[in-house]
1. Write out, first by first residue and then by second, each pair whose Cβ atoms fall under 6 Å of each other, whose residues are 6+ apart or on separate chains, and whose first residue, in the range 5-34, is more than 16 Å from ASN47 (Cβ to Cβ) while the second is part of a helix (DSSP H, G or I) and at pLDDT 75 or above.
2. State the number of residues belonging to the range 143-180 that are touching a residue at least 40 places away in the same chain (Cβ under 8 Å), of a type in the set (D, E, K, R) and surrounded by fewer than 16 Cβ atoms within 10 Å (Cβ to Cβ).
3. Return a yes/no flag: does the range 142-157 have any residue that is among the hydrophobic types (A, V, I, L, M, F, W, C), assigned by the TED database to the domain that holds THR357 and under 25 Å from the mean Cα position of the chain (by Cα).
4. Could you check the range 298-324 and list, in sequence order, the residues that are open to solvent by 50 Å² or more (accessible area, probe 1.4 Å) and either under 24 Å from PHE366 (Cβ atoms) or of a type in the set (A, V, I, L, M, F, W, C) (or both)?
5. Looking at the range 107-128 only, could you name the residues that are surrounded by 17 or more Cβ atoms within 10 Å (Cβ to Cβ) and part of a helix (DSSP H, G or I)?
6. ILE361 is checked against (1) within 23 Å of LEU201 (Cβ to Cβ); (2) open to solvent by less than 50 Å² (accessible area, probe 1.4 Å) and fails just one. What number does that condition carry?
7. Name the single residue, out of those in the range 330-351 being open to solvent by 30 Å² or more (accessible area, probe 1.4 Å) and not in a helix (DSSP H, G or I), that is nearest to ASN306 (Cα to Cα).
Amino acid sequence: MKMKKYMASSMPEVMKKVRAELGPQAVILQSKTVYTGGVFGLFKKKNIEVVAAIDPYIEAVEKTPDVKSALASIQQPPPLPADFKKEMLEMKQMIRQLKESKQADFLYPDVLQPVLEQLKRQGLSDELRQMAAEYLLTKWQEERSETTSVKVRKWTIEFLTECLSPCRTVNEETAKYIYLLGPTGVGKTTTIAKLASQKVLDEEKKVAFVTTDTYRIAAIEQLKTYASLLNVPFKVAYSRSDMEEAFHSLTKYDVIFIDTAGRNYREKKYVDDLQNLMSKKKGESLTYLVLSAASKQEDLEEVIHNFTTVQVDGFIFTKVDETKTKGTILNLMYNYKVGTTFITNGQNVPDDLQKTTTISIIQSLFEGTCDE
């Protein structure tokens, strides 16, 4: 019997190699998943290894023209019953759906299931879940019987933290000019009031407000009210020259918060208008993109994509209390390599504002679970 070992990234690719060399009469004797490459045990490449064989006698018979003609003349079997055909069709559909699925979690060991299901419920992307699943499987193979649900959760947090390590981080302590950008309705003005309140009340900083949101009178009045409550100066800038003049008159203040207009930033032209109005001071400016955690990820991605011409230093996610899932926050951080500095979880000023870290957001994926 002629035997040979084959390896490829998927079973279809392996079978293609087998058929090309051994022919359609080849028999699969063994198949298994193997992992190669990787760095420090991470990002290993998954391959399928197959041992296939063929009987030389069958191979010789297939190549004999007379025998092939004789085989072709054999009477065809009777047609299959209709019910059997239906069952076979349904089975094929199920197999096709499984192949099309980017992750079949149920194929992983039982001890990994709760974490994988939790990541899915939290809306973590298919890419991150797949990588996490492969990493957890590798760790499980190393420990087997010693694996516990607590360990699995710890491994997951460590892995996701490593995945998000390239995200930009900011030092808002050294920034004098802090811009808040974002679409309408995400709560930029209220967020500015929360940030300013913490600076004034907790850090005893001298704070000032500048608004460029001249499209909505209500927004000007709202920020003016916060300025009055905090007893800080308030300026309105209608143009870039107005912005420069406001900055010049406020040089003695420690931190100046700039509230920009809330527009539909899914349209690029509004981003361009905003950029023309901004007057950023190199080395002293910080720009936050404020987004609603309760929005659809595809809508948020369109907004972020349009801000690629603006240096976004960090995300602030509002309305975290209005959603049960945190996966979108991590997905956007991973996709755009931008960290999240603050989250807001209510309307109370200044209480409903939390400074956050990557690991605390990852840990929030497991809030309310039995292993918390």
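The values are calculated or read from the model by the stated rules, or taken from the named source; none is laboratory data. Everything numeric in this text was worked out from a predicted model, so none of it was measured. Reconstructed Cβ throughout: ideal geometry from the backbone, glycine too, with neighbour counts over all protein chains shown. Calculation scope for accessible area: heavy atoms of the full protein, side chains included, ligands and nucleic acids excluded. Shrake-Rupley method; radii C 1.70, N 1.55, O 1.52, S 1.80 Å.
1. Qualifying pairs under 6 Å: ALA26/VAL18.
2. 2
3. no
4. The answer is LYS319, ASP321, GLU322, LYS324.
5. Our first condition is that a residue be surrounded by 17 or more Cβ atoms within 10 Å (Cβ to Cβ); within the range 107-128, this holds for 108, 111-112, 115-116, 118-119, 122-125, 128.
If the condition is that a residue be surrounded by 17 or more Cβ atoms within 10 Å (Cβ to Cβ) and part of a helix (DSSP H, G or I), then VAL111, LEU112, VAL115, LEU116, GLN118, LEU119, LEU128 are the ones that fit.
6. Tallying (1) within 23 Å of LEU201 (Cβ to Cβ); (2) open to solvent by less than 50 Å² (accessible area, probe 1.4 Å), ILE361 fails exactly one: (1).
7. LYS337
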